[in-house]
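Reviewing the structure listed below.
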Amino acid sequence: MGLYFKFMKIHFKSELQYKLSFALSFISQFIVFFGYYFTIICLFDKFSNIKGFTMYEVLLTFSIIQFGFSFCETFFRGIDTFDDLIINGTFDRLLLRPQNILLQVFVNEVSFVKASRLIQSIIILIISIINLDVIWEFDKIITLIFMLFASVILFLSIFILAASYCFFTVKGLEVRNVFTDGGKHMAQYPIGIFKKGFVFVFTYIIPYGFVNYYPLLYLLSKENNKIFIISPLITIVYLIPSVIIFYKGMKRYSSVGS
Amino acid sequence: MSFIEVKHINKTFKVPVKSNGRFSTLKTFFNRKYNYIKAINDISFSIKKGEIVGYIGPNGAGKSTTIKMLSGILVPDSGNIIIDKMIPWKDRKKYVSKIGVVFGQRSQLWWDIPAIDSFNLLKDIYKLNDKEYEKTLNELIELLNLKDIINIPVRNLSLGNRMKCEIAASLIHRPKILFLDEPTIGLDAVSKKIVREFIKKINKQNKVTVILTTHDMADIEALAKRIILIGKGKLLYDGSLNLLKKKYDYLRKITVISKDKLKIEEDYVIQQKNIENGIEFIIDIRKIEINEFIKLLSSKISISDIDIDNGNIDELIVKLYEDFKI
């Protein structure tokens, strides 16, 4: 963990070498992704609710998904750009160091520019929390923390799974984006508003539902079963096989010429 | 048992076949065909502790692949590698803390920050204690004369200075074995000399075993008493450079400047040519010693100048490659 922060420091130092470029990218990221939230606000300007979910409820799920996604993009960006790592041969270098491989991959790239989206998601999250009609008792707070945690874990597992794909065909394909970006866009809404088939996919195949739907129902007192509080933790079960597949794939690794 | 023991290793790569024509990209997407290329074909050798070995061969011979297998990045399809009682790819963490690797064409330093920051991070990666690290760092700074360059962002360094930092970075954890993959590529004469002398020094002082690949035969002449030559994945020669020279480097070009004319018809003269103001001989030194030949010349003609071409090692290698048909 200490090593992780040392790496962060190095990355921060590198990024600050280009201060103006850093500042401009940071601001532009902020503005571009504000567009997402703006769409929702416009949508709810016409309709007061979607299948029983109000604007702030949707904004809450939206910001939780954005939080997990941008958290991984900021702090574990190396796994998102894993195909580059293999193609330019950096991965060989990581194999030559006496440290955990996956950890080294995570920290190989850290993007502080993406932190702009992270901050944005936190702002929206706070706004929705203030405006939601929820009494914030202990169990509700725990549920929310679990949701945020699960969001990070889920995206992390998806990124790892997508990265493992590179071991089987050197260049990662767009297939991964179906699950990351595509899934992300769907999951930004409470998945209950979609047809049954989608709900099935996003519950059992990629458990987005456990990040922001089932616990959400508890949060909004639509369900009272306590099991919904810990439902987000199911994502951990999803992380374990992803890590195993990654290491299985690593055994097949065949490097690139120099 | 030897320090480094390589036995009958093989490695085959699967390379997708590219085809041309309409929709070929689409076709290959669904139905890929592969070529199987045998990169390493039954190679065995052993290396003693403290040796410097030059690992040479033409492009694509399998040099880098071997280095990658020796350093544990790649796993051979069959065969055994045991280095310092470890199997590189099985005891990865333990093994890599004992070796240093320099890829001449790839950097391990962070591009935008001074090298000293990279060194400090490596200290944490290798879990070195402060005292040990300070000592090694100061030693390296002194030996490679890095004092003025480690505080400049790496991207602003010249290639020669960068390579010095690269080598220092790979030695910061005091490895027992150093792998150098084309360490002098693209360097100027002065930097090359510094790098070579440094490699010699750490080999002698710290008993570091060095394995280097290179295309620059002057590297080999300066450093390695022993060479391993491979071509198309096969081991072609393993032994001393001198022996190889004796075997393949037997032609000398002798140019004499003289007003006299002379024709020698003996079997040791391979070729004879009259040039503007003298004669050019190519002789076979296995059949006659050079001083004998010069004696013979001076007894027959008056010589105003003489030049003996000492057989370029590059030509020797070209001859070798031709001989082995690689």
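The values are calculated or read from the model by the stated rules, or taken from the named source; none is laboratory data. Remember, it's a predicted structure, so these values are computed and weren't measured experimentally. Ideal geometry is used to build each Cβ from the backbone, glycine not excepted, and the neighbour counts take in all protein chains shown. Remember, those area values only see protein heavy atoms, side chains included, never the ligands or the DNA or RNA. Shrake-Rupley method; radii C 1.70, N 1.55, O 1.52, S 1.80 Å.
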* Does residue B:260 fit the bill of being under 24 Å from residue B:297 (Cβ atoms) and not hydroxyl-bearing (Ser, Thr, Tyr)? -> yes
* Qualifying position, being assigned to a helix (DSSP H, G or I), at pLDDT 75 or above, of a type in the set (Phe, Trp, Tyr) and open to solvent by 20 Å² or more (accessible area, probe 1.4 Å), among A:247, A:218 -> A:247
* Scan region B:32-57 for residues that are surrounded by fewer than 17 Cβ atoms within 10 Å (Cβ to Cβ), more than 14 Å from chain A (Cβ to nearest Cβ) and in contact with a Phe, Trp or Tyr (Cβ under 7 Å, 6 or more places away or on another chain) and report the count. => 2
* Structure fact -> By residue number, the members of region B:241-268 that are of a type in the set (A, V, I, L, M, F, W, C), assigned to a strand (DSSP E or B) and at pLDDT below 85 are B:251
* **Residue, surrounded by the fewest Cβ atoms within 10 Å (Cβ to Cβ), within region A:82-103, restricted to residues that are facing chain B (nearest Cβ under 7 Å) and assigned to a helix (DSSP H, G or I)** => A:93
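So that you can scan it fast, the table gives a plain yes or no per residue for (1) assigned to a helix (DSSP H, G or I); (2) away from chain B (no Cβ under 14 Å); (3) surrounded by fewer than 18 Cβ atoms within 10 Å (Cβ to Cβ); (4) free of Cβ contacts under 8 Å to residues at least 40 places away in the same chain:
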site	(1), (2), (3), (4)
A:18	yes, no, yes, yes
A:25	yes, yes, yes, no
A:31	yes, yes, yes, yes
A:42	yes, yes, yes, yes
* Do any residues in region B:284-303 that are touching a residue at least 12 places away in the same chain (Cβ under 8 Å) have Cβ atoms under 8 Å from those of residues that are in a helix (DSSP H, G or I), where the two are at least six apart or on different chains, and which pairs are they? -> B:303/B:297
* To do: Look through region B:289-310, keep the residues that are closer than 20 Å to residue B:245 by Cβ and part of a helix (DSSP H, G or I), and return whichever of them is least open to solvent (accessible area, probe 1.4 Å).
  => B:293
* Asked: Any idea which of A:38, A:53, A:62 is under 23 Å from the mean Cα position of the chain (by Cα), surrounded by fewer than 17 Cβ atoms within 10 Å (Cβ to Cβ) and of a type outside the set (D, E, K, R)?
  -> A:38
* Asked: Which one of these is buried (at least 16 other Cβ atoms within 10 Å of the Cβ), more than 20 Å from the chain's Cα centre (by Cα) and of a type in the set (A, V, I, L, M, F, W, C): B:251, B:262?
  -> B:251
